[in-house]
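Here the structure is laid out as structure tokens; the discussion comes afterwards.
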Amino acid sequence: QVQLVESGGGLVQAGGSLRLSCAASGRSFTSYNMGWFRQAPGKEREFVARIGWRSSLDYADSVQGRFVISRDNAKNTVYLQMNSLKPEDTATYYCAATRGIWTRNRSDYNYWGQGTQVTVSS
């Protein structure tokens, strides 16, 4: 069982930066593939970025080159550094965990945090 708690959201102007954190509790964090997803009002939850247990990386086209996902296994934490933010990045951001599968599909992630709100003003 893994419990996830996101933090670091807030209000930022377009062009600014934020760093989201996802603290995980439970055993075997290092064996989990971790993902970030986001959901804007009236839209489906969408994939943003993922990092594998061996630190493989993958990004959605919409954030490639602007966002960086990383993990600190000693701290059981995953980060999402968001740069050059745009108003269309406004959403609730969720951290998620899965084990044994490398996937962008949200239905394959077993554990989810409660989400943190990111609002980008123009």
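The values are calculated or read from the model by the stated rules, or taken from the named source; none is laboratory data. Worth saying up front: this structure is predicted, and the values here are computed from it rather than measured. With ideal geometry, Cβ positions are generated from the backbone for all residues, glycine too; neighbour counts draw on all protein chains shown. Each accessible area value is taken on the protein alone, full model and side chains, heavy atoms only, with ligands, DNA and RNA left out. Shrake-Rupley method; radii C 1.70, N 1.55, O 1.52, S 1.80 Å.
Residues in region 105-122 that are out of contact with any Ser or Thr (no Cβ under 7 Å at 6 or more places or on another chain) and either more than 18 Å from Ser70 (Cβ to Cβ) or among the aromatic types (Phe, Trp, Tyr) (or both): Asn105, Arg106, Ser107, Tyr111, Trp112, Gln114, Ser121, Ser122. When region 25-48 is limited to residues that are surrounded by 15 or more Cβ atoms within 10 Å (Cβ to Cβ) and over 13 Å from Tyr109 (Cβ atoms), the one that is modelled with the lowest pLDDT turns out to be Phe29. As for region 82-92, it holds no residue that is open to solvent by less than 20 Å² (accessible area, probe 1.4 Å) and either among the aromatic types (Phe, Trp, Tyr) or under 12 Å from Gly35 (Cβ atoms) (or both).
Quick one: is Val78 of a type in the set (A, V, I, L, M), in contact with a strand residue (DSSP E or B) (Cβ under 9 Å, 6 or more places away or on another chain) and closer than 22 Å to Gln13 by Cβ? So Val78 fails the test.
Among the residues making up region 67-81, those that are in a strand (DSSP E or B) and open to solvent by 50 Å² or more (accessible area, probe 1.4 Å) are Val68, Gln81. Scanning region 47-66 for residues that are in a loop (DSSP other than H, G, I, E, B) and under 14 Å from Phe29 (Cα atoms) yields a total of 4.
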